[in-house]
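Encoded as structure tokens, the structure appears first; notes follow it.
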Amino acid sequence: MKLADLLVDDCVVVPVDTPDLRGALASIFERGRPHLPLEEPRATKMVRDLSQGSQGDIVRVNADVVVVSGSLDALEGPCLGIAVSATPFSVAGEGGDEPGVARAVFLVLTPGRFSGVRHHFVPALVRVLREPEQVERLLGAGSATSVRRFRELMEVEFRARLLVEDALVPVRYRVYPDTPLREVVDLMVRRGTRAVPVVGERYEVLGILTSGDALAHLLRRGHPDQESEGVAVIERPRAKEVMTRSVLCVSEEQALVEAANMMVNRDVEQLPVVRDGELVGFVTRDSILRALYGPAQADTENPKRESESTE
């Protein structure tokens, strides 16, 4: 199923003139009234609830785009609307103390039996709008026809299953084989990380150095800076001497459930993700749980602490 199959032309409001998200959603409902089987009082209430986040979900794709999703049982199938503004409008209901802003909103309405479409929509949209030029093209659309001509957007496909890239946490920290263990430990302590990848010159994964590896090494051989009378200073080890060399990696295109099973069977907290041999990030237990069983997520800018070991 492609985005073009869900988009209702009458539900595309470009440009929209509104100070807030509620006005943008109201414009979509008003324009698409023939396709949305909802009487006026109920439509007004639904717009209010969706804009406040008390019904459905409000998920941020990036600084300029949000997705609002909800259920409407009277629909026969999924329905998609879009509103794009020339100036930012306020967005409340995102869980923060202060409202954010956006310039475009995607409204996804589905009957209950199509709830999976909502679950897959945000990751699919993130994939096409991760490039700034694609975002600018959307924000620069001057009409529904212009939106329809945005081929990369129209051809976004909703997958039957989530892939590893849908739960990818971008690389945040990495070290090299000759990095002193002391520096790695300092990084772990300062940043609260549990593991860091050890990479080569082309960022290929050579191993993983976990806090458990470091602690076991230090307890076995003594603190690398330890020094006392009659005791020689212990040779300062490098990351390559302590890291775990046998590392299971996954690709972005692998099924996320498959990666989750690997993690459970091997009892690991995270798996490195590689693209053409280069490390691009990790999937962690937290990121997989959020992708598979939590509400739709698009916030990859603020990963949880467990995945801070991935830059």
Per DSSP H run of at least 4 residues, take -39500 (n - 2.57); add these up for the chain, divide by its residues and hand me the 222 nm value, nearest 500 deg cm²/dmol. -9500 deg cm²/dmol
Given contacts defined as C-alpha pairs under 8 Å and at least six residues apart, what's the relative contact order of the chain, whole-number percent? 18 percent
Checked against the structure, the computed semi-axes √(5λ) of the Cα gyration tensor in Å among [x] 47, 18, 17; [y] 34, 24, 20; [z] 28, 25, 20 is the one labelled [x]
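Exposure proxy check: Ser54, Ser246, Ser211 ranked by fewest other beta carbons within 10 Å?
Working: Ser54 9, Ser246 6, Ser211 17.
Fewest-to-most Cβ neighbours within 10 Å comes out as Ser246, Ser54, Ser211.
What percent do you get for the relative contact order of the stretch 3-160 when only Cα pairs under 8 Å and 6+ apart count?
Working: 285 pairs, mean separation 43.4, N = 158.
Worked out over the stretch 3-160, it gives 27 percent.
Ranking Lys45, Lys240 by Cβ neighbours within 10 Å, fewest first, what do you get? It would help to have the intermediate numbers written out before the result.
On the way: Lys45 12, Lys240 17.
Result, fewest neighbours first: Lys45, Lys240.
What is the dipole size for the chain, taken about its Cα centre, with +1 at each Lys and Arg Cβ and -1 at each Asp and Glu Cβ, in debye to the nearest 20?
Values: 38 positive and 48 negative charges, 70 e Å.
About 340 debye.
Values in this text are rule-based calculations from the coordinates and carry no lab data. Just so it is clear, the model here is predicted, and its values are computed rather than measured. Neighbour counts are summed over all protein chains in view; Cβ atoms, including those assigned to glycine, are modelled from backbone coordinates with ideal geometry.
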